[in-house]
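First up is the structure itself, then whatever we jot down about it.
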Amino acid sequence: MDDDTESTEAQASDSVDVADLAANLTAVATERDALADQVLRLRAEFENFRRRAQREREELTEFATMEAVRAVVPVLDDFERALKMECADKDYARGMELIYQRLLESLKKLGIEPIEAEGQKFDPALHHAVEMEKTDRVEDHTILYQHQRGYSFKGKLLRPAIVKVAVEP
């Protein structure tokens, strides 16, 4: 063979190799882009999973705390009733008052809040009326007396206040 024929065959072979390499490069770039997209999607999925798991843990903790606080609320009621009773020993009464205050403060740190009722307008979402009194001394639907204190826990109603409400005569 002569040099021209060899040179032409080499150029043809080089152009075929370049075309194959270009095709391979395009295929690899496409695969790389697909894998990068898949990695981004998996990261986003994992981040969503992590947030959802964190939110569920927080909700479970809040629910468990709410149930524990709900179990202690009757003890607060007993303390309030005991503190209303007359006691001959003033030191004993003061000690009971301090224990009650400490228990209430501990529960407030957990998220419990007493619902103020007396003198407020009746709100069926916060109060449970068990008695009505016809009177014109106060505005209609004003709470006259609180039979049992209500509580909210982190903004959610734990127990409604049981109240006596004024109605127009």
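Before moving on, here are some points about what is shown:
- Positions within region 127-148 being within 26 Å of the chain's Cα centre (by Cα) and buried (at least 17 other Cβ atoms within 10 Å of the Cβ), in sequence order: His127
- Of all residues in region 150-169, those satisfying the criterion of being in a loop (DSSP other than H, G, I, E, B) and either without any contact (Cβ under 8 Å) to a residue 12 or more places away in the chain or surrounded by fewer than 17 Cβ atoms within 10 Å (Cβ to Cβ) (or both) are Lys154, Gly155, Glu168, Pro169.
- Residue check, Tyr100 among the aromatic types (Phe, Trp, Tyr), surrounded by 11 or more Cβ atoms within 10 Å (Cβ to Cβ) and at pLDDT 90 or above: yes
- For region 108-149, a tally of residues being of a type in the set (Asp, Glu), assigned to a loop (DSSP other than H, G, I, E, B) and over 24 Å from Arg70 (Cβ atoms) returns 3.
- Within region 69-78, being more than 12 Å from Gln148 (Cα to Cα) and surrounded by 11 or more Cβ atoms within 10 Å (Cβ to Cβ) holds for Val69, Arg70, Val72, Val75.
- Hits in region 112-149 (condition: among the acidic types (Asp, Glu) and without any contact (Cβ under 8 Å) to a residue 24 or more places away in the chain): Glu116, Asp123
- Taking the criterion of being more than 26 Å from Leu158 (Cβ to Cβ) and aliphatic (A, V, I, L, M), the residues of region 27-64 that qualify are Ala27, Val28, Ala29, Ala34, Leu35, Ala36, Val39, Leu40, Leu42, Ala44, Ala53.
The values are calculated or read from the model by the stated rules, or taken from the named source; none is laboratory data. Not measured: the values here are computed from a predicted model. All Cβ positions, even for glycine, are placed from backbone atoms using ideal geometry, and neighbour counts span all protein chains on display.
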